[in-house]
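To start, the structure under review is shown below, and the notes come after it.
The values are calculated or read from the model by the stated rules, or taken from the named source; none is laboratory data. The model shown is predicted, which means the values in this text are computed figures rather than measured ones. As a convention, Cβ positions derive from the backbone with ideal geometry for all residues, glycine included, and neighbour counts pool all protein chains shown. For the accessible areas, the whole protein counts, side chains as well, though only heavy atoms, and no ligand, DNA or RNA atoms are used. Shrake-Rupley method; radii C 1.70, N 1.55, O 1.52, S 1.80 Å.
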Amino acid sequence: MNIILHLTALQLMVIASNVAIVKSQGNWYCSPLANTNCTNASSYVDCRGQNGSCKAYSCIPQSDGCSCKVGSYNCTSDCNYEVSPDICKYKADSQSCLRDLKTPDNTQGKLTADLVINLVDLIANMTDQMSPEMAKDYLKIVDAVQIKVSVLASAENKDKDKIVSYGNSYLNAFENLVSALVKPTENYDLQNISLTNTEVRVLAVGPNASVKGMPLIRTEKAHMDIDLFEIAMNSTSRSAAVAFMSYSSLENLLKPEFFSTSNDMIKTMMSTVISATLHQTTNTTLTKPVNFTIKHIKEFDPNGSLSCVYWNISEWIVDGCSVLKTNSNYTVCSCVHLSTFALIMQTSRPPESDSLLELLNLVCVIVGLVFFSLALLTFALCQWSPAVNNVARINLCVSLLLAHLLFLLTQQYLSLIRPHQVLCAVISGVLHFLFLSGFVWMFIEAVLLFICVKNLSQISSKKREVLSSGFMCVIGYTVALVVVAVSVGLLPEGYGSEHCWIKMDKGFIWSFLGPVCVILALNMILFINIIISLNSTLKNLNAEVSQMKQTKIMAFKTLAQFVILGCSWILGFFTNGSEVLEILFLILNSQQGTLIFLVYCVLNNEVRQQYRRFFRCLCSGRKHN
């Protein structure tokens, strides 16, 4: 029986590591031999690599009427093996050798999900022959091929029933192997086994154990609170053992879509799949509910419906489990039985109009980026009056251009960026800085505009520079940098949400909304004062046509500042459930670049004259060509 286990382990290790050779107990085991003459027969080949010879054994254990044979085979001929100096390597298909085992240098075989699962089932059914040390080795092998099965199942377009059977096979294999790990103990024994895709905790309690000093059963993503001591005391052997497993990739087989509900909701797996089973105890009845504290692996949606579920052969159900308490990071589930558990979040499907909003957002942002670029080119290439200070406007355009461009690219390639958590967190931090610096520059521009309007009666005179360019640059970027630095220092994990933006956890979003609200409040105050000052100036001005015309243009520019100064962002606090306000908010805030270009470039007489000269030169150049 041990030989067959080694052979099966070899095949799984070949599949898991794409290596065709595995050494076990000093011998090179290749593949089982087919034997159709004996019922309940087991056959194997022991390839020792000496002169290319293999010893073949069959019929273990023997069955009635079975004629067991022992013979010698040449690996290079009889069994189609390829011999190297000290190993015998599986090469190709043969009547005597295992079929359907595919490795990189074997194109004739075919690796399938069914093949892998058959080998997993074979190991699971032989655990009664294993020592704890052997069980650990096979746990590693079975764990290593978890992801490969889900990949193969997807590639082969397996249906739900088949995928469910694969998941059940893995659960059965892990539970059986973990059962073989349990060692008799007088006090207590805790085993911690961390594998690539699975964490295993096995706690055994003996007759001499006491409640004091009982270790916690905890993994990285979950921990279990069970009164194992009382269960042991109620058992005739006065001993008990519990196994707790956390699977990081089993959700690919036990999918959240297998949670049947009457409503049409989006189902998201919010935790790793965990299992808890009792072993080697005569009384498996729980004296009180077991609590599981489970860490969320996805961003928590406060508007969603969170359920503690357990796996019932073919689907996730909630019977016997309930949510005790939850927050943005953890949920505590209480269950009256042990099984395989998970957290599943149900959220409403987005309305169909969201796709139209996404398209509208894409178009508006692209248009805004174009006009941000045109405004920057105008500020850089055109000649401006010495009295005009465009530093705030230039930096405002740069900050918002980069912010909108980075955000647009991130959302377009979110599926590629999201798996890289560090990159996603860095992008959200950069976006935080760029948008905040944009709002600071909006405030600086509001202050400069307020001073300009206050001096409107002397508009023809040379304006005295109030703020130096260097001082404005320090303020414009330092404030945003300090806010981001403090945010990173206090809660670095607050960056990198599902959309690569700031997470909602622990109110961290206020690291952005807080400064924005302060700036918007100040800008609104300044804007109202600007309107009042303009109204007073218009009443006191002489009714000269040219002067009145200039004043009306200034009044129009000032009204346009409502959007340029970011005041329209206030609409964001009132868009809940209103599609009209969402569209208005989207259009206004994506067109800040458009309005900057219109107000400061198109409506500037000197700039328009330079535009005309540029187009004349362009047209004349074409005529000469």
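Converting the Cα gyration tensor eigenvalues of region 206-268 into ellipsoid dimensions via √(5λ) gives semi-axes, longest first, of 36, 14, 10 Å.
With kT/(6 pi eta Rh) evaluated at 4 °C and eta = 1.567 mPa s, and Rh the Kirkwood radius from Cα pairs, region 145-272 diffuses with a coefficient of 77 µm²/s according to Stokes-Einstein.
Distance between the pseudo-spin-label points of LYS160 and LEU190 (7 Å out from Cα toward the beta carbon): 4.1 nm. Compactness of region 125-220, taken as the C-alpha radius of gyration over 2.2 N^0.38 Å, stands at 1.31. Region 563-625 and region 193-243 have Cα centres separated by 67 Å.
For VAL323, the accessible area of its heavy atoms, probed at 1.4 Å with every protein chain present, is near 60 square angstrom.
For region 277-342, the Stokes-Einstein estimate of translational diffusion at 10 °C and a viscosity of 1.306 mPa s comes to 122 µm²/s, using the Kirkwood hydrodynamic radius over alpha-carbon pairs. Each Lys or Arg adds one and each Asp or Glu subtracts one; over the other residues with Cβ under 15 Å from the Cβ of SER275, this totals -1.
Over all other residues within a Cβ to Cβ distance under 13 Å of GLU220, the charged ones net out to +3, with Lys and Arg as +1 and Asp and Glu as -1.
Label separation (TYR611 vs ILE147): 5.6 nm, computed from points 7 Å beyond Cα along the C-beta direction. Heavy atoms of the protein chains alone define the surface here; on that basis region 332-413 has 48 Å² accessible area per residue at 1.4 Å probe size. Counting only protein heavy atoms and a 1.4 Å probe, region 137-255 has 41 square angstrom of accessible area per residue.
With a Förster radius of 51 Å, plug the Cβ-Cβ distance of HIS499 and ASP128 into 1/(1 + (r/R0)^6) and report the FRET value to the nearest 0.05. Working from the Cβ atoms, E equals 0.50. The fraction of accessible area contributed by carbon and sulfur in region 309-378 is 63 percent, rounded to a whole number (1.4 Å probe; ligands and nucleic acids excluded). Compared with the direct C-alpha span, the chain from ILE525 to VAL447 gains 27.0 nm at full extension, assuming 0.36 nm per residue. With the whole protein complex present, LYS267 retains an accessible surface near 40 Å², based on a 1.4 Å probe.
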